[in-house]
1. Report, by residue number, each residue of region 23-63 that is buried (at least 19 other Cβ atoms within 10 Å of the Cβ), closer than 13 Å to Val96 by Cα and among the β-branched types (Val, Ile, Thr).
2. Out of (1) at pLDDT 90 or above; (2) touching a helix residue (DSSP H, G or I) at 6+ places or on another chain (Cβ under 7 Å); (3) not β-branched (Val, Ile, Thr), what's the single condition that is false for Gln105?
3. I need a count of the residues in region 85-101 that are surrounded by fewer than 16 Cβ atoms within 10 Å (Cβ to Cβ) and touching a Pro at 6+ places or on another chain (Cβ under 9 Å).
4. List every residue pair whose Cβ atoms lie under 9 Å apart, where the two residues are 6 or more positions apart in sequence or sit on different chains, the first residue falls within region 82-107 and is in contact (Cβ under 8 Å) with a residue 40 or more places away in the chain, and the second residue, located anywhere, is aromatic (Phe, Trp, Tyr).
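The values are calculated or read from the model by the stated rules, or taken from the named source; none is laboratory data. A quick note: this is a predicted structure, and the numbers were derived from the prediction, not measured. Positions of Cβ are generated from backbone atoms using ideal geometry, with glycine treated the same way; all protein chains shown enter the neighbour counts.
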Amino acid sequence: MNTENQELNTQLIQNPNEETVVLEQPIQFGGASITEIKIRKPNVRALSGVSLQAIYNHDVNALVKVLPRVTTPELTSQQVYDLDPVDFANLGGHLVTFLYPKAMQQAIKEEQQ
């Protein structure tokens, strides 16, 4: 259990280009259960082969192609297809938010709190 100071320190040093998404429905992988996924801001290579407009529109096929490139643990396309729709939408929302300018990202985060 983290103390209040440890929690504050963790928040202060958090990478602004990475978010942790707690899953509504854990992914079973072998004998392990994955309960959270880190998603990082994509670079151009991670976005290659998909239309930015498709990502902004939360196109399933575009997100299935990009999410495995920007998640830790690295999800397979099949694992992305098998996600609970709430978790898929949540991960897609974080991915899209990373594509906005920092000021807009901050506004989105403040609105969600």
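1. Ile39, Ile55
2. (1) is the only condition that Gln105 fails.
3. Number of matching residues: 1.
4. Val96/Tyr56; Leu99/Tyr56
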